[in-house]
Structure formats: structure tokens, C-alpha cells
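First up is the structure itself, then whatever we jot down about it.
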Amino acid sequence: MTARYVVSPAPKVSGRIRVPGDKSVSHRSLMLGGIASGTTPVTGFLASADCLATLEAQRRMGVRVEQHSPTALTVHGVGAKGLSAPATELDMGNAGTAIRLFMGLLAGQPFESTLTGDASLRRRPMERVAAPLRLMGAQILTQDGKPPVRILPVPKLAAIDYVLPMASAQVKSAVLLAALRAEGTTKVTEPAPTRDHTERMLKAFGVELQCEAGQVWLRGGQGLVGAPVSVPGDFSSAAFFIVAGAIAGDASFTIENVGVNPTRTGLLDILRLMGADIRVHLRGDAGTEPIADIEVRASSLRGIQVPEELVPLAIDEFPILFVAAACASGETVVTGAEELRVKESDRLAVMAEGLTRLGITNALLPDGIRIQGGRFKGGTVDSHGDHRIAMSFAVASLRCDGDIVVEDVENVGTSFPGFVQVARAAGLQVEGA
Ligand code: S3P
């Protein structure tokens, strides 16, 4: 039997909580620190299964990583040419960010490598990364477009001028990592802004790159110099509690030390359009990333048409946004969100299934969903092994008439170890894994 949560109706959330470190920034600290010269001390690291897969892969390629505590590391960089051939396949587990960024990092290396992952990752599209890397001269073999991904050694890479066909920070980042090893200046154009953690960290590591209006230019051949990385709390983990505060019958509640990089906080804009009472108290910068304490009060939400330009800026927050939409008056409509179909699960289909099971009327669209606000009834939902879906339905208990059983919750540990403890501290009644 798989692990499950049993969540019971809870009247309120309160107090002050913290969430673990940012997953995107933690992956990048290991990857960039590993190919830098000198050391990269990392604090606030997310010791989750996804980031530990990146750590293990770096170790297998000769990068020494000292772990002072679960969240404090020192990465001893091996320099631009210092990675060594891994003896076996590199297993990325459930981590899409790890496999796609490593494709870029390994594309121009003088050794062969193979990247693979769990059953969910082996169903996810990798040609979106392989295609631009091949234009740079890389030799990459996928299995019908999916992992395992085999990367063959090539003598050199060449710069490209690449217009991304979809808004994806993972594809953008993979091309930028390969561009470090390419001859000439690579230009990447995004159809819409996506998270810019790679660009920020590259700059902090001494790389010159120019960013303006959805375009990034990077000259190849530049070396990285290790620098301290202070990882902020993950906005995408805070998101569950931001929505919890907004939908709870009674809430005055703060999530401390959260990364509020504007390329990540689209959920705040969407919830405010829905009428949420959210206050952001800026606390300065954690290294290259702005941080804040986010205060949320119980709010009366109303359904909206979500502006499509906000979709990439809230891309990981849709499962929990759908829970907010189910608690709003009237209808919420999301379109332009077809990328949700290729996440850890098909998040449109899996959320629609769970909402229906809990009595919420909804209609799937090819690129989104329509959700009619209502009230959750008790029942059983299947997360299909998707961490964000499991946590979203746990939060639904704040507006539920009976217990909710959430099946298949093991993967919560890929992004949010300790979720149950933090949720209980906030006031949710969660039993289980
Ligand atoms: C991420 C980019 C996003 C996001 C993922 C993390 C990153 O993926 O969904 O959780 O760290 O670059 P896409 O680039 O596929 O949108």
C-alpha cells in the first residue's frame, strides 16, 4: 500500500511558520558551484530527494560536497574542465530540473553520460532541451523523446540564437549552461518571462551576461568563480500556506523568509485579483534573491479569468490555485496553461479528477480548466505520485465537510520534507506519512 494522508476539517490556521529552501536555487547552487573554481558555501539548502539526486550526480562526476548539516554545504568546485566521467548512469529520480539542466551542463563535456529517472520522469519530454543543444553541436539520444538521455562527447559546441518555443526556465537554463562551453555568444529569447535564478546566480559567480526584455546573451568560454549562496524559503512551498490562509475560516498567519523573486510570485497577483488579503513585508536580499515575510488573512475569494501572462510566473502553483478557485464564489477560468500537462503528472487532468471526487464542478479544457466554486465534500483522491497535488488536496481540508484521504503521497519529500509537521504547526489536521 502506498503512503497516504488523512486530513480532517480544520477551522483555522495561525501563527508564524517557515518552509524549506528553494528547490530551483538549491539545484543551481550545486550545479554552478560544481563547475566553478574555488568553493561555494550554501546555506538554507533544500535537502529534498530532488536536490539530493543532483548532489549525488555531482559527486559521481568528481565534485566534493561537504555537508555540515542537512541545510549547510560547501561545494568544492572542479572548474570549467574538471568534471570526470561518471562510472554509471546518473539517476535523477523525480527531478525534471535536475535532468534538464544536467543535459545542458554535460552537452559539451569530453565524456559520455546517461541521465535517467523514476517512472514519472521517464514519461516527460526531453526533446525540448535536446533540440537546441543539437543545434549547438551536441550529440544527444533520447528514447522516443524521453529519458534515458545519452549524451555523447563532442569536440566543441557553437553558440546559437534560439527562440524558445515554450516558456520554460529549464530549457532556457540548459541552453545557457551549454553556452558557457560554446564558441561565440548565445542568445536566448523567451516567449514570456520565466524564473531567472540561473541568470542571477551566473552573475553572482562572475559571468557576464546581458538580460533585457525576454532576451539573454551569454559569451562562451567564461569561467565561474564560486560565491556564497543563501537559499531563500521556497515560494512554491509557501504557496500551499498562502492559499491555506486565504481560504481558512479564520486566519492571521505569516510565512517567514520566503523568496519573492518577481518571476516566481504570479500566484500573489492572481490571488489578489481574486480578492485575497495578502501583505508582503520585504526583508532584503538572500544573496541574489529577494526575501519577504508573507502575511495572509482569511479572505472572501471570487472567481476570475486568470490573465495568461501570469501563467509562467505561477507555473508550479496551479494545483493549489485550483483549490483556491474551488473555494471562491463564481467561476475561475485558466487558459494558456498546457505546460501543466507535462509536469510530474498531467496536472490539469489529475486535479480535475480529484476536484470532481470531492464534489467540485469543473470542466477540462485542452490548455486549462474551468472551476465552479463550491464546498469540498469528504472523499478519496489520488495524487498520481505528484507532490504538489498531494499537498494541495491536504490544504482543501480547511474548507471540507468530511475527511479527505490523499493517496500516493511519498513524493512530497521531493520538494517539501517535513510538510506534515509544518502543516500541523499551522493548524491543519493531517495524519499520515
Ligand atoms: C523550474 C522550472 C519550471 C518549474 C520547475 C522548476 C526550474 O519548469 O515547473 O518546477 O527550476 O527551472 P519548466 O521550465 O518546465 O516550466
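General observations
- Test: residue in segment 228-235 that is in a helix (DSSP H, G or I) and either in contact (Cβ under 8 Å) with a residue 40 or more places away in the chain or under 22 Å from Phe376 (Cα atoms) (or both): yes
- The number of residues in segment 155-194 being assigned to a loop (DSSP other than H, G, I, E, B), more than 16 Å from the ligand (Cβ to nearest atom) and over 14 Å from Ala130 (Cα atoms) comes to 6.
- Enumeration of residues in segment 1-21 that are assigned to a loop (DSSP other than H, G, I, E, B) and closer than 30 Å to Ala227 by Cα: Val19, Pro20
- The one condition from (1) open to solvent by 10 Å² or more (accessible area, probe 1.4 Å); (2) over 16 Å from Thr97 (Cα atoms); (3) outside any helix (DSSP H, G or I) that Ile151 does not meet is (1).
- Restricting Gln372, Gln421 to those that are away from the ligand (no atom under 16 Å from the Cβ), farther than 19 Å from Pro9 by Cα and open to solvent by 10 Å² or more (accessible area, probe 1.4 Å) reduces the list to Gln372.
- Selection status of Ala179, open to solvent by 40 Å² or more (accessible area, probe 1.4 Å), over 30 Å from Gly303 (Cα atoms) and not assigned by TED's automatic domain parsing to the domain that holds Ile17: no
- Only listed residue being touching a Ser or Thr at 6+ places or on another chain (Cβ under 9 Å), in the same structural domain as Ile404 (by TED's automatic domain parsing) and within 15 Å of the ligand (Cβ to nearest atom), chosen from Asp346, Asp316: Asp316
- Failed condition for Thr71, given (1) in the same structural domain as Leu121 (by TED's automatic domain parsing); (2) buried (at least 23 other Cβ atoms within 10 Å of the Cβ); (3) closer than 30 Å to Ser397 by Cβ; (4) touching a Gly at 6+ places or on another chain (Cβ under 7 Å): (2)
- Total residues in segment 344-374, condition in contact (Cβ under 8 Å) with a residue 60 or more places away in the chain and more than 15 Å from Val334 (Cβ to Cβ): 2
- Every residue from segment 375-407 that is open to solvent by less than 10 Å² (accessible area, probe 1.4 Å) and part of a strand (DSSP E or B): Phe376, Val381, Cys400, Ile404, Val406
- Conditions (1) under 20 Å from Ala53 (Cβ atoms); (2) open to solvent by 10 Å² or more (accessible area, probe 1.4 Å); number of the one not met by Phe416: (2)
- Subset of segment 375-391 [under 25 Å from the mean Cα position of the chain (by Cα) and over 12 Å from Leu428 (Cα atoms)]: Val381, Asp382, Ser383, His384, Gly385, Asp386, His387, Arg388, Ile389, Ala390
- Per the conditions (1) within 24 Å of the chain's Cα centre (by Cα); (2) more than 16 Å from the ligand (Cβ to nearest atom), the sole criterion not satisfied by Ala49 is (2).
- Of the residues examined, Arg195 is not one that is assigned by TED's automatic domain parsing to the domain that holds Ser48, touching a strand residue (DSSP E or B) at 6+ places or on another chain (Cβ under 9 Å) and open to solvent by 10 Å² or more (accessible area, probe 1.4 Å).
- The residue list Thr2, Thr39 contains one member that is of a type in the set (Ser, Thr, Tyr) and either within 16 Å of the ligand (Cβ to nearest atom) or modelled with pLDDT of 95 or more (or both), which is Thr39.
- Among (1) in contact (Cβ under 8 Å) with a residue 12 or more places away in the chain; (2) open to solvent by 50 Å² or more (accessible area, probe 1.4 Å); (3) in a strand (DSSP E or B), the one test that Asp285 misses: (1)
The values are calculated or read from the model by the stated rules, or taken from the named source; none is laboratory data. Please read these numbers as outputs of a predicted model, since none were measured by experiment. Because the Cβ atoms are built from the backbone with ideal geometry, glycine has one as well, and the counts that use them run over all protein chains shown. In case anyone asks, the SASA skips ligands and DNA or RNA and just uses the protein heavy atoms, side chains included. Shrake-Rupley method; radii C 1.70, N 1.55, O 1.52, S 1.80 Å.
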